[in-house]
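Right, one structure below, let's go through it.
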Amino acid sequence: MLKKVGLVSLGCARNLVDSEVILGSLKREGFAVSNGTKSVDICVINTCAFIGPAREESVDTILEAGRLKKEGRIKKLVVCGCLPQAYKKDLVTQLPEVDLFVGTSDFPKIGGLLKKLSGAGGAYAVSETLDYLYDEKSPRFRLLPKHYAYVKISEGCSNFCSYCIISRLRGSFRSRTIRSVVEETRSLSRGGRLKEANLVGQDTTLFGLDIYGKMVLPELLGRLCSLDNGPQWVRILYTHPAHYTDALIDVIRENDKVCKYLDLPIQHISDNILKRMNRRTTKDDLVRLIDRLKDNIPGIALRTSIIVGFPGETEKDFKELLKFLKDTEFDRLGAFLYSEEEGTPASRMKGRIPEEAARERFDELMRLQKSISERRNRRFLGKRVRVLIDEKPESPGGSFFGRTEADAPETDGGVFVSGKRIMVGQFYDVKITDTLEYDLVGEVL
Ligand code: SF4
């Protein structure tokens with residue numbers, strides 16, 4: 001039996017959790033598992049298909065692995081996750097070098113499927129019913145440094161934003177139980193190495209509505225913050241602005257362990273575009289929410305995501321967005337060019353923005369945000385901040401790299417830290433000696 005399995009995890013943090021669970025269950029079934037494609041028998045690629053550029057990256061990675069297979073450096077190639085879920089049987093003919101396709105609700109079957117892999121190729125396990133959700137009993141083979149982890153608290157989405165195919169890839173919204181998330185975080189915290197738990201889902205603010213009849217993220221946060229030897233930072237990612245409650249805002253303010261950082265994708269600000277996106281929020285709602293957050297949670301850092309070039313976006317809509325971003329000054333911002341997704345309501349909308357014009361708007365927006373980020377970073381000069389160290393220096397005499405509670409892993413900037421006896425995975429008080437566009441520079445006190 002082919003024993004050694006290597007995995008390439010593409011896409012978002014939610015996909016990374018799936019990758020860790022896939023490798024954990026394969027290890028439990030007796031396979032030797034590792035990250036990447038070096039000296040393995042079986043290469044598993046956990047793909048992303050959210051938007052065009054992500055699909056291209058997935059296909060490029062598959063073709064590259066196909067080349068390794070042709071050269072005999074890997075024996076079997078397995079493609080799983082969102083790409084097979086999106087394209088189903090079409091992929092079998094388009095990618096003959098692939099031996100097995102596994103859908104987003106078929107991960108638990110992967111061990112058994114690998115054991116049965118024969119010479120034929122094109123084996124297919126992609127279910128139409130999307131109901132899978134891992135739990136605290138699912139083994140995880142950690143791919144990230146042990147001091148931080150993503151914890152998926154829900155799967156799927158039922159918000160149906162007009163440009164998004166997530167519900168087609170992951171199914172409708174479904175939550176884990178509070179007990180399951182707490183037990184998983186407790187086991188990740190064993191040995192005291194876990195310093196930061198990042199809560200992920202498609203819409204974390206809706207957590208529990210489907211199983212408890214009400215949104216219970218505040219209760220979950222309370223439980224996670226009272227775990228003995230639990231994480232010192234609990235971060236909420238992927239919230240939805242339409243689903244904030246006073247209870248949630250209070251728990252964030254009152255719990256030191258809950259990061260004063262919120263990932264709040266607004267996608268746009270003009271009512272014309274918010275309506276076309278089916279974002280369930282108006283400009284007034286968003287302005288009021290952001291004021292509420294800033295007024296009620298001192299020192300809150302806000303991250304947002306924006307889509308530029310959405311069908312029907314007029315010059316006036318775009319100017320309105322720029323003015324809003326200038327007035328609001330988000331601490332962190334990710335912008336995306338609208339990507340037309342087949343079969344979505346947005347793909348049937350009139351008023352497509354020419355690529356060049358959309359690119360110009362994107363560049364103008366990112367120039368504005370760079371100046372905002374630079375200015376906001378200057379507030380920290382001479383200040384003392386708490387930093388969690390993620391990485392050693394790349395070269396002798398170089399700086400360590402870490403993050404403040406206002407920096408999400410793998411997404412935001414961070415802090416270049418110098419000093420003696422610094423260890424990865426530990427917190428340090430750092431004095432900021434310089435500021436850059438997206439990062440800070442400092443020395444351990
Ligand atoms: S909230 Fe909207 S954009 Fe996000 S996953 Fe759900 S449908 Fe897609």
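Taking the stated definitions as given, is F336 closer than 25 Å to Y261 by Cα, open to solvent by 20 Å² or more (accessible area, probe 1.4 Å) and part of a strand (DSSP E or B)?
Judged against the criteria, F336 is a match.
Being not assigned by TED's automatic domain parsing to the domain that holds I300 and not aliphatic (A, V, I, L, M) narrows it down to one of H268, H240, so name that one.
H240
Sort out which residues of region 202-255 are within 16 Å of the ligand (Cβ to nearest atom) and on the phi > 0 side of the Ramachandran plot, and write them in order of number.
Y238
Which condition number in (1) farther than 26 Å from L237 by Cα; (2) under 24 Å from the mean Cα position of the chain (by Cα); (3) among the aliphatic types (A, V, I, L, M) is the one that M349 fails?
(2)
For residues in region 167-200 being open to solvent by 20 Å² or more (accessible area, probe 1.4 Å) and within 16 Å of the ligand (Cβ to nearest atom), which is nearest to P84 (Cα to Cα)?
Once the filter is applied, the top-ranked residue is R168.
Pick out the one residue from K4, K75 that is modelled with pLDDT under 95, within 25 Å of P145 (Cα to Cα) and out of contact with any Cys (no Cβ under 8 Å at 6 or more places or on another chain).
None of the other options fit; the residue is K4.
Could you list, ordered by first residue, the pairs with Cβ atoms under 6 Å in which the first is in region 45-74 and open to solvent by less than 90 Å² (accessible area, probe 1.4 Å) and the second is of a type in the set (G, A, S) and in a helix (DSSP H, G or I), at least 6 apart or interchain?
N46/S19; T47/S58; C48/A54; C48/S58; A49/A86
Of T328, T344, which residue is closer than 30 Å to L83 by Cα and in the same structural domain as G309 (by TED's automatic domain parsing)?
T344
Any idea which of Y163, Y132 is more than 30 Å from L388 (Cβ to Cβ), open to solvent by 10 Å² or more (accessible area, probe 1.4 Å), within 16 Å of the ligand (Cβ to nearest atom) and aromatic (F, W, Y)?
Sole residue among the options that is more than 30 Å from L388 (Cβ to Cβ), open to solvent by 10 Å² or more (accessible area, probe 1.4 Å), within 16 Å of the ligand (Cβ to nearest atom) and aromatic (F, W, Y): Y163.
Looking at (1) without any contact (Cβ under 8 Å) to a residue 12 or more places away in the chain; (2) hydroxyl-bearing (S, T, Y); (3) closer than 17 Å to L302 by Cβ, which one does S226 not meet, given that it meets all the others?
Exception for S226: condition (3).
Among the residues that make up region 15-31, is at least one of them more than 20 Å from A149 (Cβ to Cβ) and without any contact (Cβ under 8 Å) to a residue 40 or more places away in the chain?
The answer is yes, given that some residue of region 15-31 is more than 20 Å from A149 (Cβ to Cβ) and without any contact (Cβ under 8 Å) to a residue 40 or more places away in the chain.
Consider F324 against the criteria (1) among the aromatic types (F, W, Y); (2) in a loop (DSSP other than H, G, I, E, B); (3) more than 16 Å from the ligand (Cβ to nearest atom): it satisfies all of them except one. Which criterion is unmet?
Among (1) among the aromatic types (F, W, Y); (2) in a loop (DSSP other than H, G, I, E, B); (3) more than 16 Å from the ligand (Cβ to nearest atom), the lone unmet condition for F324 is (2).
From the list D99, D90, D106, which one is touching a Ser or Thr at 6+ places or on another chain (Cβ under 6 Å) and among the acidic types (D, E)?
D106
Looking at this structure, is S373 over 27 Å from the mean Cα position of the chain (by Cα) and open to solvent by less than 60 Å² (accessible area, probe 1.4 Å)?
no
For S339, only one of the following conditions fails: (1) free of Cβ contacts under 8 Å to residues at least 60 places away in the same chain; (2) at negative phi. What is its number?
(1)
In region 261-288, what residues are within 16 Å of the ligand (Cβ to nearest atom) and under 27 Å from R386 (Cβ atoms)?
Within region 261-288, L262, D263, L264, P265 meet the criteria.
Identify all residues within region 400-425 that are touching a residue at least 40 places away in the same chain (Cβ under 8 Å) and open to solvent by 50 Å² or more (accessible area, probe 1.4 Å); write none if there are none.
If the condition is that a residue be touching a residue at least 40 places away in the same chain (Cβ under 8 Å) and open to solvent by 50 Å² or more (accessible area, probe 1.4 Å), then E405, E410, T411, V424 are the ones that fit.
Taking the options D210, D203, name whichever one is among the charged types (D, E, K, R), open to solvent by 10 Å² or more (accessible area, probe 1.4 Å) and under 26 Å from G81 (Cβ atoms).
From the options D210, D203, the qualifying one is D210.
Assigned to a strand (DSSP E or B), among the acidic types (D, E) and open to solvent by less than 40 Å² (accessible area, probe 1.4 Å): is that true of D390 in this structure?
Yes: the conditions hold for D390.
F330 versus (1) within 16 Å of the ligand (Cβ to nearest atom); (2) in contact with a Ser or Thr (Cβ under 7 Å, 6 or more places away or on another chain); (3) under 27 Å from W233 (Cβ atoms): which is the lone unmet condition?
Only one criterion is unmet by F330, namely (1).
The values are calculated or read from the model by the stated rules, or taken from the named source; none is laboratory data. Being a predicted model, the structure only gives us computed values, none of them experimental. Glycine gets a Cβ as well: all are built from the backbone with ideal geometry, and neighbour counts include every protein chain shown. Heads up: the accessible areas ignore ligands, DNA and RNA and are worked out on the full protein's heavy atoms, side chains in. Shrake-Rupley method; radii C 1.70, N 1.55, O 1.52, S 1.80 Å.
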